[in-house]
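Written out below as structure tokens is the structure these notes cover.
The values are calculated or read from the model by the stated rules, or taken from the named source; none is laboratory data. Just so it is clear, the structure is predicted and the values come from calculations on it, not from any experiment. Note that we place each Cβ from the backbone using ideal geometry, even for glycine, and neighbour counts take in every protein chain shown. Each accessible area value is taken on the protein alone, full model and side chains, heavy atoms only, with ligands, DNA and RNA left out. Shrake-Rupley method; radii C 1.70, N 1.55, O 1.52, S 1.80 Å.
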Amino acid sequence: PPSQFISSKSHTENLIETLPTREGWATPLVLYNNCWIRANSLKDSMAVKDRLKPRPDDTILAAHPKCGTTWLKALLFTIVNRSRYTFTDHPLLTSRPHQVVPYLALRPGDLDIVETLPSPRLLSTHLPLSLLPSTVSTLGCRIVCVCRDPKDAFISRWHFEKRMNQGMSIGMDEAFTMFCEGCSPYGPFWDRYLEYWKESLARPDEVMFLRYEEIVSDTPKVIRKLASFLRVPFTQEEDSNGVVEQVEDLCGFTSLSNIAANRPSRVQHEHAGDKLVVDPTSLFRKGKVGDWVNHMSKDMGDRMDQLVAEKFKGSGLIF
Ligand code: A3P
């Protein structure tokens with residue numbers, strides 16, 4: 001009888017089959033816990049809540065994709081490890097930022113790697129706070145959240161998807177509609193920004209909320225702020241020796257995009273699933289504020305601004 005039939009599928013697999021799926025971006029997205037996650041990293045993302053064992057001295061970079069994840073990984077790694085490496089013999093001269101600061105669950109096996117790292121760990125995620133173990137908050141783990149004007153984040157996303165999909169991505173109008181409906185990788189973007197914004201208000205000493213635009217406009221100021229936040233402030237001696245500027249230069253767009261590990265000549269394609277291929281060069285496009293005007297109409301820009309204003313109303317978060 002059917003009641004005695006034992007399914008070979010796991011509980012997670014059965015659950016996944018019931019979740020809404022949408023096509024359009026380079027790979028299908030599945031809606032789980034109000035977050036559109038690529039189907040090929042869904043299981044691993046779902047496992048984070050149970051399998052990640054947060055430690056009180058963890059620092060987690062919580063970045064919405066295309067908002068400066070790569071840059072912040074480089075900056076955080078360089079700031080916290082600056083007594084270990086010189087600027088002429090630095091891991092970021094030979095490795096990509098994504099190799100030195102691991103994701104929690106972008107590829108199968110990420111979580112295993114994360115658990116083997118010595119403390120204090122520097123980790124990163126695109127996941128919502130609600131998909132991380134609640135001990136991230138109760139243990140007081142530090143979080144650095146970076147967000148960006150959604151218009152620029154959208155344009156960055158659109159270009160990125162085209163490159164991942166060998167130029168075959170969806171058109172601008174369809175992409176815009178999906179993004180504004182909240183359906184983009186790790187979207188809705190406004191919910192992600194809001195969750196971490198609220199966490200930064202609740203735990204101001206432990207959660208730092210940054211905007212891509214403020215890092216662009218005064219990088220040394222943000223580098224100093226990050227160092228103080230991570231309890232490794234720059235000494236006067238470091239300051240007068242120009243260490244802050246050295247961190248800025250090493251992690252800057254020009255420097256990072258020119259190192260061999262980030263050039264196509266040493267293509268080390270990352271497979272985040274069967275179809276998805278990320279060429280390291282696609283992580284570095286322009287690195288500018290306001291590039292959306294070159295790709296979107298003013299009307300689209302206004303519509304997105306209005307949407308964001310409605311979503312953020314009353315939160316104190318303004319773009
Ligand atoms: P653009 O597509 O607008 O150029 P993420 O790392 O979260 O995927 O974000 C990618 C965006 O950050 C891209 O924006 C990329 O060019 C920009 N970026 C990458 N490295 C940077 C750096 N060192 N400084 C400034 N911007 C950077």
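Which one of these is of a type outside the set (V, I, T) and without any contact (Cβ under 8 Å) to a residue 40 or more places away in the chain: G171, G187?
Working: G187 fails: without any contact (Cβ under 8 Å) to a residue 40 or more places away in the chain.
Of G171, G187, the one residue that is of a type outside the set (V, I, T) and without any contact (Cβ under 8 Å) to a residue 40 or more places away in the chain is G171.
With respect to the stated conditions, D110 fails to be more than 14 Å from the ligand (Cβ to nearest atom), among the acidic types (D, E) and exposed (fewer than 15 other Cβ atoms within 10 Å of the Cβ). Taking the criterion of being within 14 Å of the ligand (Cβ to nearest atom) and either more than 13 Å from C251 (Cα to Cα) or charged (D, E, K, R) (or both), would at least one residue in the stretch 83-93 satisfy it? Scanning the stretch 83-93 turns up no residue that is within 14 Å of the ligand (Cβ to nearest atom) and either more than 13 Å from C251 (Cα to Cα) or charged (D, E, K, R) (or both). Per the listing E248, E237, E195, E199, the residue uniquely part of a helix (DSSP H, G or I), under 20 Å from K288 (Cα atoms) and either charged (D, E, K, R) or open to solvent by less than 60 Å² (accessible area, probe 1.4 Å) (or both) is E248.
Among residues belonging to the stretch 1-24 that are at pLDDT below 85 and not hydroxyl-bearing (S, T, Y), point out the one that is least open to solvent (accessible area, probe 1.4 Å). Before you say what the answer is, go through the steps one by one.
Within the stretch 1-24, the subset at pLDDT below 85 is 1-9.
If we keep only those that are not hydroxyl-bearing (S, T, Y) as well, we get 1-2, 4-6, 9.
On the way: P1: 112, P2: 119, Q4: 132, F5: 156, I6: 143, K9: 90 Å².
This residue is K9.
Beta carbons closer than 6 Å, at least 6 apart along the sequence or on distinct chains, pair a first residue in the stretch 81-97 that is in contact (Cβ under 8 Å) with a residue 24 or more places away in the chain with a second that is of a type in the set (D, E, K, R) for P97/K73.
Check the stretch 51-72 and report whether any residue there is more than 17 Å from R142 (Cβ to Cβ), away from the ligand (no atom under 16 Å from the Cβ) and either surrounded by 14 or more Cβ atoms within 10 Å (Cβ to Cβ) or touching a residue at least 24 places away in the same chain (Cβ under 8 Å) (or both). It would help to see each step written out before you state the result.
Keep residues of the stretch 51-72 that are more than 17 Å from R142 (Cβ to Cβ), which gives 51, 64-68, 70-71.
Those still in the list that are away from the ligand (no atom under 16 Å from the Cβ) too: 51.
The next check asks that each one be either surrounded by 14 or more Cβ atoms within 10 Å (Cβ to Cβ) or touching a residue at least 24 places away in the same chain (Cβ under 8 Å) (or both); those that pass are 51.
Yes, some residue in the stretch 51-72 is more than 17 Å from R142 (Cβ to Cβ), away from the ligand (no atom under 16 Å from the Cβ) and either surrounded by 14 or more Cβ atoms within 10 Å (Cβ to Cβ) or touching a residue at least 24 places away in the same chain (Cβ under 8 Å) (or both).
In the stretch 27-48, which residues are of a type in the set (A, V, I, L, M) and open to solvent by 10 Å² or more (accessible area, probe 1.4 Å)? Spell out the reasoning first.
Residues of the stretch 27-48 of a type in the set (A, V, I, L, M): 29-31, 37, 39, 42, 46-48.
If the condition is that a residue be of a type in the set (A, V, I, L, M) and open to solvent by 10 Å² or more (accessible area, probe 1.4 Å), then L31, A39, M46, A47 are the ones that fit.
Residues of the stretch 149-179 being β-branched (V, I, T) and either near the ligand (Cβ under 10 Å from one of its atoms) or crowded, with 20+ Cβ neighbours inside 10 Å (or both), which ones?
At the first step, the residues of the stretch 149-179 found to be β-branched (V, I, T) are 155, 170, 177.
The one that is β-branched (V, I, T) and either near the ligand (Cβ under 10 Å from one of its atoms) or crowded, with 20+ Cβ neighbours inside 10 Å (or both): I155.
Yes or no: the stretch 178-193 includes at least one residue that is more than 18 Å from the chain's Cα centre (by Cα) and among the charged types (D, E, K, R). Steps first, answer last, please.
Residues of the stretch 178-193 more than 18 Å from the chain's Cα centre (by Cα): 178, 180-181.
Checking the rest, the ones that are also among the charged types (D, E, K, R) come to 181.
Yes, that holds for at least one residue.
So that you can scan it fast, the table gives a plain yes or no per residue for (1) modelled with pLDDT under 95; (2) not acidic (D, E):
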position	(1), (2)
L76	no, yes
I79	no, yes
T88	yes, yes
S95	yes, yes
Q99	yes, yes
E115	yes, no
S124	no, yes
T138	no, yes
V144	no, yes
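Which residue, of V232, V146, V216, is surrounded by fewer than 20 Cβ atoms within 10 Å (Cβ to Cβ), within 22 Å of R285 (Cα to Cα) and in contact (Cβ under 8 Å) with a residue 24 or more places away in the chain?
Details: V232 fails: within 22 Å of R285 (Cα to Cα); V146 fails: surrounded by fewer than 20 Cβ atoms within 10 Å (Cβ to Cβ).
One residue alone meets the criteria, V216.
Within the bounds of the stretch 83-96, is there any residue that is small (G, A, S) and part of a strand (DSSP E or B)? No, there is no match, as no residue in the stretch 83-96 is small (G, A, S) and part of a strand (DSSP E or B). Looking across the stretch 196-249, just one residue is within 13 Å of the ligand (Cβ to nearest atom) and touching a Lys or Arg at 6+ places or on another chain (Cβ under 6 Å), and that is Y212.
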